[in-house]
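Notes to accompany the following structure.
The values are calculated or read from the model by the stated rules, or taken from the named source; none is laboratory data. Since the model is a prediction, treat every value here as computed from it, not as a measurement. A quick note on method: Cβ atoms are made from the backbone with ideal geometry, for glycine too, and the neighbour counts reach across all protein chains shown. Surface accessibility is based on the protein's heavy atoms, side chains included, excluding ligands, DNA and RNA. Shrake-Rupley method; radii C 1.70, N 1.55, O 1.52, S 1.80 Å.
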Amino acid sequence: MKGDFGKGKGKGDGKGKGKGKGKGKGKGKGKGKGGKGSAVVVEPHKVHAGIFVSRGKSEDSLATLNLVPGVSVYGEKRVQTETTDANGAPEKKEYRVWNPYRSKLAAAVVGGIDNCKVAPGAKVLYLGAASGTTVSHVSDIVGPTGIVYAVEFSHRSGRDLVEMSKRRPNIVPIVADARNPKAYRMLVGMVDCIFMDVAQPDQARILAINAKQFLKADGWFMISIKAPCIDSTIEPAVVFAAEVEKMKAEQLRPKEQITLEPFERDHAVVVGVYRPTKAKK
Ligand SMILES: C[S@@+](CC[C@H](N)C(=O)[O-])C[C@H]1O[C@@H](n2cnc3c(N)ncnc32)[C@H](O)[C@@H]1O
């Protein structure tokens, strides 16, 4: 279920339904073959730049343009297409299928989120990278002109993240605690967007301190909230509303909220803008 803040629409703080399939239409269709030889067409997502929809015979899937053709990151299916470029020359492309059951960002896109600031050319700070499943798709989306600073505090997951990043020059893997952004301030520039998926009780505060350090004024944040990680004794909708209030108190202005059912239970993604007040002289 979707909700917008300040637009007079209902707030998306209840349970919602995703559609289970990616949607997209537009220019630049590519016809090709899926992994098992099934005919597929790949089209740009109709709302979000840098995201694609692979249309197969039996189902549609979300996909990203593979920055490292020929290589899967976590065993995901790859789809090749062959089209012609503006001069009529043959052009081959490879996409990686992006599963909304494995990525909260993909679940939010399939669920119909309006604002996704993970876009071509963007500089993204990703907090809670784990071994890099979603980070690898963010790397595809921002492309060669963008950058993903990926922070993960588990050394075990961090090892996989570092390994995966070796093939992807637009990822800067950082094995560190996001509660201490000063520890990685020498590695991270100012960013256009923070994506956060740490599943921690103090995540609104962690988001705020990272925004203060790295997010441009009017930059965007996207935060995944797992209600039981914050308080398992109350309704998820109440947890989401309380988290939104914490963000507002930190100059983070929520604009949109979406729950992630059916892909993730008791999760929501909140998207908003960072509006720091100017320091008084
Ligand atoms: C739900 S998983 C992230 C999954 C990942 N975003 C994906 O889609 O592939 C949450 C991750 O956040 C990491 N994490 C939790 N607290 C953290 C912190 N304070 N700093 C950095 N990483 C943290 C955990 O180690 C875990 O790998």
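For residue 194, the residues whose amide H sits under 5 Å from its own are 125, 220, 221, 222, ignoring neighbours fewer than 5 places away on the same chain, with H placed 1.01 Å from N.
Only helical runs count toward this figure. For the chain, summing -39,500 (n - 2.57) over DSSP H runs of n ≥ 4 and dividing by all residues gives -6000 deg cm²/dmol at 222 nm. For the chain, the antiparallel share of DSSP beta bridges with both residues in that region comes to about 70%. Across region 162-218, Cα pairs under 8 Å and at least six residues apart give a relative contact order of 37 percent. Would you mind checking region 217-249 for residues with the amide N under 17 Å from a putative spin-label position 7 Å along Cα→C-beta of residue 185? Inside the label zone: 217.
Between helix 133-142 and the chain there is an angle of about 70 degrees, using the helix long axis and the longest principal axis of the Cα atoms.
Charges were assigned to the Cβ only: +1 to each Lys and Arg, -1 to each Asp and Glu. The resulting dipole of region 41-97 about its Cα centre is roughly 120 debye.
Between the Cα long axis of helix 203-214 and the first principal axis of the chain there is an angle of about 80°, rounded to the nearest 10.
Counting protein heavy atoms only, the chain has 52 percent of its accessible area on carbon and sulfur, 1.4 angstrom probe.
Computed from Cα positions, the angle between helix 155-165 and the longest principal axis of the chain comes to roughly 40 degrees. Rounded to the nearest Hz, the phi-derived 3J(HN,Hα) couplings of region 233-247 under the Karplus curve 6.51 cos²θ - 1.76 cosθ + 1.60 (θ = phi - 60°) are 9, 10, 4, x, 4, 6, 4, 4, 5, 5, 5, 4, 5, 4, 5, where x marks glycine and proline. Between amide H atoms placed 1.01 Å from N, distances below 5 Å from residue 263 occur with 18, all of them 5 or more places distant or on a separate chain.
Ligands, DNA and RNA are left out, and with a 1.4 angstrom probe the accessible area of region 100-274 is 38 Å² per residue.
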